[in-house]
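A.B. asks: First, the structure itself, so that you have it in front of you.
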Amino acid sequence: MGLATKVQLIKRKASEQWYVNLPSAVAQAMEFSRGETVERLIEDKSLLALRRPQAPPPVLKKTLHSSSTASCNSGASASPAAPGSESASGRKPSR
């Protein structure tokens, strides 16, 4: 769910300027600083993204999950093929 905001238009004699404001709580949560440069990206006509080239580092570091031991030994407990059966490649084993 997103937070609704209104698009504002300022008309001048020679130009017009469109504004979309961020609430103070959002700017503080994102740790924006005064004068910070951001990039606007148009994904499509329903999505406008804001990218920060110089974002602060995350507070929580991501860690790699170790894979379970069962997935490491996936073929270790397989029973050998019965005589005359086809192998995984679809061919009969050579004798």
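A.B. asks: Quick check for you: which residues of region 24-40 have the amide N under 19 Å from the point 7 Å beyond the Cα of Leu47 toward its beta carbon?
C.D. replies: Residues passing the 19 Å test: 39-40.
A.B. asks: Lys62: which aspartates and glutamates have alpha carbons under 20 Å from its alpha carbon, excluding same-chain residues fewer than 8 sequence positions away?
C.D. replies: Result set, ordered by chain and number: Glu31.
A.B. asks: Further question on the same structure: When you have a sec, figure out the Kirkwood radius of region 7-51 from all distinct Cα pair distances and drop it here in Å to one decimal?
C.D. replies: Roughly 12.8 Å, rounded to one decimal.
Each value in this text was obtained by applying a stated rule to the coordinates, not by laboratory testing. The structure presented is a predicted model; accordingly, all values stated were derived computationally and were not measured. Glycine also receives a Cβ, built like all others from the backbone with ideal geometry; neighbour counts cover every protein chain displayed.
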